[in-house]
Amino acid sequence: MYITCLDLEGVLVPEIWIAFAEETGIPELRRTTRDEPDYDKLMKYRIGILKTHHLGLKEIQQTIAKIEPLPGAKEFLDELRKTGQVIILSDTFTQFASPLMKKLGQPTIFCNTLEVAPGGEITGFKMRIQNAKYSSVKALQSIGFDTIAAGDSYNDLAMIKASAAGFLFRTTDKIKKDNPALPAFTEYDDLLQAIRQTASQS
């Protein structure tokens, strides 16, 4: 039996930090996992910028409240869930993801947690587990599931390559060039067909 594991940002919803960068006019916050493979380094960089500009969780959540799923994302997810079980594996945080999950029909998501001071300052973050996406697909495989995975960023590559079938979706030219063996799609219908074809072989 297959479980499909999907990345969240860039695949189903816009990049939260890019939306916040545009809202605040702070271009440094546009940096994402498409640009920086080291997530720990990226988050410390982001937290430093937030501190410099006296911005906290409240301001980010106000931006998130305005974010809608990417066009066609909910319909894609609804169709995919008719095929089988789906888990969203994301390096985002529960404080960010909850309102977005409501807009996507409450799919299952595994993500991380922010450390927030009483005044709303983001002081740190707690990763659910190291190499969470890869560790999650390996854990699912250890209890008898095969996995299919799709994502767009450097931090998705390990789970994609560890799965029975893995796909890039709306990724960068560099990531595609560096990983020529991975099928790459830009349309939900094509990704849905590829996942269904793999699942039908079980």
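The table for this structure:
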read-out: Within the chain, helix-based [θ] at 222 nm, where runs of 4 or more DSSP H residues each add -39,500 (n - 2.57), nearest 500; value: -12500 deg cm²/dmol
read-out: Sulfur and carbon atoms: percent of accessible area, the chain [1.4 Å]; value: 50
read-out: Segment 59-97 versus segment 157-192: alpha-carbon centroid distance in Å; value: 19
read-out: DSSP-defined beta bridges in the chain - what % are antiparallel, rounded to 5; value: 15
read-out: Shape call, segment 1-119: gyration tensor on alpha carbons, a/c limit 1.5; value: prolate
read-out: Average accessible surface area per residue within the chain, 1.4 Å rolling probe, Å²; value: 48
read-out: Cα-Cα separations in the chain greater than 23 Å, expressed as whole percent; value: 43
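The values are calculated or read from the model by the stated rules, or taken from the named source; none is laboratory data. The model shown is predicted, which means the values in this text are computed figures rather than measured ones. The protein model used for the area step is the full one, side chains on, heavy atoms only, and it has no ligands, DNA or RNA in it. Shrake-Rupley method; radii C 1.70, N 1.55, O 1.52, S 1.80 Å.
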